[in-house]
1. Considering every pair of different Cα atoms, what Kirkwood radius, in Å, is found for the chain?
2. Using square roots of five times the C-alpha gyration tensor eigenvalues, list the equivalent-ellipsoid semi-axes of region 1-137 in whole Å, biggest first.
3. How far apart, in nanometres, would the label points at residue 34 and residue 146 be if each is projected 7 angstrom from Cα along the Cα-to-Cβ direction?
4. Could you calculate the FRET efficiency of residue 228 with residue 47 from 1/(1 + (r/R0)^6), where r is the beta carbon distance between them and R0 is 35 Å, rounded to 0.05?
5. Counting heavy atoms of the protein chains only and a 1.4 Å probe, report the per residue accessible area for the chain as a whole number of Å².
6. Given 4/101; 23/249; 30/114; 101/249; 114/252, which pairs have Cα atoms separated by over 25 Å?
7. Quick one: give the max-minus-min coordinate of the C-alpha atoms of region 161-254 along each principal axis, largest first, in Å.
8. In region 121-211, carbon and sulfur make up what percent of the accessible area (probe 1.4 Å)?
Amino acid sequence: MEMKKKIVVGNWKMNPPDSIEAKRIFSHIKRAATQTHNVRVVICPADIYLVTLSKLAEGSAVSLGAQDVFWEDRGRFTGQISPAMAYNAGARFVIVGHSEKRALGETSEETAHKLLGVTHDGMYGILCIGESVRDKDGAFFAFLKNQLLTSLSRISRETLLHSVLIAYEPVWAIGKAGFVAMNARDIHETSIFIRKVLHDAFGERAARTIPILYGGSVSPDNAHELVYKGEIDGLLVGRESLDPIAFSKIIKSLDAGK
Ligand code: PGA
């Protein structure tokens, strides 16, 4: 997926508690997105709000995404939703392999199945990777490489090129008090590493064009620096995507460019 615009994805996680609040937050974000030209906005609400919000999103500058799906099309899988269900409910993006799913037991092999299901059904997969700790010796690089390549192991190069975004989310930087994100220089270094791994496994075009996002304690105060000094394609935002004023500021700060 070649992205000229910056991309900001809001991951609402298991919030808000009802659809009235979901619609209120979404409408505010929609207004802000309408006034921007250089940013693509994606909101990933809980599945239960997808249909309602897709009506509000119609014809607007905001796309919808799901936070997760199962890989099978149908069957006896209590509590799961299929990629086709997410698509039919309005999702065009799906987050896969988020660290909060991995913490509940999801393996990179399972993430790979999900990514295949998502892309097979015509959606973009936002593949999350990230280390839990950064050791001094740099062993986390090997961890990241393995997580990335295993998660991508079921899709073709063509699918990767057209349908996958990578969200680098160091687990230790997610949800931090005071919004202490990773510093932009380290984000830049890690994105170069990710592009090198992509280059070796999938070739030059993949390395050059696949969007890399950063996630972990993004706020209006750090968004611009993280993207433009970090030289990345966008952001995956948790907490601040539920605060429509803060999220709109994040969008606007990227829209302004360097
Ligand atoms: P955060 O979450 O912005 O609240 O740190 C990011 C994420 O988990 O995707």
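The values are calculated or read from the model by the stated rules, or taken from the named source; none is laboratory data. Since the model is a prediction, treat every value here as computed from it, not as a measurement. Note that we place each Cβ from the backbone using ideal geometry, even for glycine, and neighbour counts take in every protein chain shown. Surface accessibility is based on the protein's heavy atoms, side chains included, excluding ligands, DNA and RNA. Shrake-Rupley method; radii C 1.70, N 1.55, O 1.52, S 1.80 Å.
1. Taking the inverse mean of 1/r over all distinct Cα pairs, the chain comes out at 18.1 Å.
2. They are 24, 19, 15 Å, listed from largest to smallest.
3. Using points 7 Å along Cα→Cβ, the separation is 5.0 nm.
4. Once rounded, the FRET efficiency stands at 0.55.
5. Averaged over the residues of the chain, the accessible area is 46 Å².
6. Checking Cα-Cα distances, 4/101; 30/114; 101/249; 114/252 exceed 25 Å.
7. Sorted largest first, the three principal extents are 40, 24, 20 Å.
8. With neighbouring chains kept in place, the figure for region 121-211 is 56 percent.
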